[in-house]
Amino acid sequence: MLGLAVLSLCIASTLGMNTLVLVDTLATRETHSIFLKSLQERGHEVTVKAADDPSLQLSRYGEYIYQNLVILAPGVEEFGGALSVEAIVEFIDGGGNVLVAGSRDAADLIRELVTEVGVEMDEEGAAVIDHLHYDSNDDGQHTLVAAPSAGLIESDVMVGAKDSVPLLYRGTGLITDVENPLVLPVLRAPSTAYSYNPSQSITDYPHATGHNMLLVAALQARNNARVVVSGSLEFFSDAFITASVQTPQGEQFERSGNGKVVEALSRWVFKEEGVLRVVSVDHHLVGEKEPPASYTIKEDVEYKIKVERLVEGAWKPFQASDLQMDFVRIDPFVRVTMTPSTDGVFSVKFKVPDVYGVYQFKVEYNRVGFTRLFSTTQVSVRPFTHLEYERFIECAYPYYASAFSMMVGVFLFSLVFLHHKETPPKSKAD
């Protein structure tokens, strides 16, 4: 048994599944046991510590100890040990994945952290309120929101297949910059929702309202590091995952949609889903197998790239119909959609442009929910040598004809000029 435990630990470390969970109190392990257990069942080596533990550290001897960080401690005033907002940002820059859960009373430390990833929490004490979409177990302030599943992002990779079951949410609203292409709206608030302090009278227009307010946001950085921010700690709790839902409109659901979304979203943020990789790249002349030292203008070239997708812990051929290849020299000279195959190989045939220089075979694939796929292969394209040009060019036939006609004309003129003799004029004596 000890050998098996050591083996499973080594496998989890190799797959990058070491996950640190920070909590306000150790009681969170009981209130969020379903979420934590699902991580362990998927092979994560979960370490639960208090957020102010003096022994906290993400790296040792220049190497990261953990690949994933979960912060279920919205009330922490200061991280313990070597952990700080700067250390977490550096962790993300190094490719680490982070999941942060806040609340209406989140501390300034958590607000500062989520601001670093392009998400802003509403002011302290503000809660999401919806007088039309709330659960029957609400305390009368309508802060227990039953968010319709229609607000989920259109990505099965991130949130799974959609259904009509609402999601329970109690927390603060999130605001993001709509012009930031890296931030994704995982769950939007209903159009009738707003964020404000429920114990105060509304005197100013709320900072976040309707679909402009997010309940859950995500970030996929340019290095493919992933971050998920939720304005509700209870969104991941056992109580919300197992709770039934009853809306004011009389709709009843045996269980909320939180469990399925939390499962799918945690798979995504920890790179268990939506991960692509390039296995191999091959290019050569049509009819050949090996790439030449350089290509010649107007040659027919075949390009192939093999792409795989991580599914349930195993790499499988990736299937898509919109993967494109660019043949680039500063700007794309050729852009074509490649033909997929069942084994994950995408191929295309095209003719090299009639412009020589240094080119790149460039494949860049950015789709919501998937890691950024990027591959470049540099090649050189040369002009024809003198022996490779056509002997006679059809478009030059008129010029050939004019040259030969001039030669014939000069010959005839010379013949006439040399052999024609004029009769000398007669003198007066004659």
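The values are calculated or read from the model by the stated rules, or taken from the named source; none is laboratory data. As the structure is a prediction and not an experimental result, all values here were calculated from the model. Glycine gets a Cβ as well: all are built from the backbone with ideal geometry, and neighbour counts include every protein chain shown. Side chains are part of the model used for accessible areas, which takes the heavy atoms of the whole protein and leaves out ligands, DNA and RNA. Shrake-Rupley method; radii C 1.70, N 1.55, O 1.52, S 1.80 Å.
Here the chain exposes an accessible surface that is 54 percent carbon and sulfur, computed with a 1.4 Å probe and the other protein chains kept in place.
Excluding same-chain neighbours fewer than eight residues apart, the aspartates and glutamates reachable from LYS49 by a Cα-Cα span under 12 Å are ASP24. Note on ASN197 and THR377: the model spin-label points, each 7 Å out from Cα along the C-beta direction, lie 6.2 nm apart.
With 20 Å as the limit on Cα-Cα distance, the pairs of LYS37/LYS260; LYS304/LYS362; LYS260/LYS306; LYS316/LYS362; LYS289/LYS349; LYS37/LYS162 that go past it are LYS260/LYS306; LYS316/LYS362; LYS37/LYS162. Secondary structure note: in the chain, about 75% of the DSSP beta bridges are antiparallel.
Ranked by the mean number of other Cβ atoms within 10 Å of their residues, highest first, the peptides 279-291, 90-102, 334-346, 35-47 fall in the order 90-102, 35-47, 334-346, 279-291.
Based on every Cα atom in segment 49-107, Rg and the maximum pairwise Cα distance Dmax equal 11.4, 38 Å. Sorted largest first by accessible area at a 1.4 angstrom probe radius, with every protein chain in place, the residues ARG277, ARG60 fall in the order ARG60, ARG277. Extension gain for ALA27 to SER347 (0.36 nm times residue separation, less C-alpha to C-alpha distance): 109.8 nm.
Structural descriptor for segment 355-409: relative contact order 30 percent, calculated from alpha carbon pairs under 8 angstrom and at least 6 residues apart.
Both radii were evaluated on the Cα set of segment 290-430; the Rg over Rh quotient, with Rh as the Kirkwood radius, amounts to 1.51. D by Stokes-Einstein for segment 74-185, Kirkwood Rh over Cα pairs, 25 °C, 0.890 mPa s: 153 µm²/s.
Within the listed set GLU77, GLU30, GLU234, the Gaussian network model of the chain (springs between alpha-carbon atoms below 10 Å) gives the highest mean-square fluctuation for GLU30.
Extension gain for the segment GLN249 to LYS289, taken as residue separation times 0.36 nm less the Cα-Cα distance, is 7.8 nm to one decimal. Temperature 25 °C, viscosity 0.890 mPa s: under these conditions the Stokes-Einstein estimate for the chain, based on its Kirkwood radius over C-alpha pairs, is 94 µm² per second.
Volume per residue for segment 232-290 equals 174 cubic angstrom (convex hull of Cα atoms).
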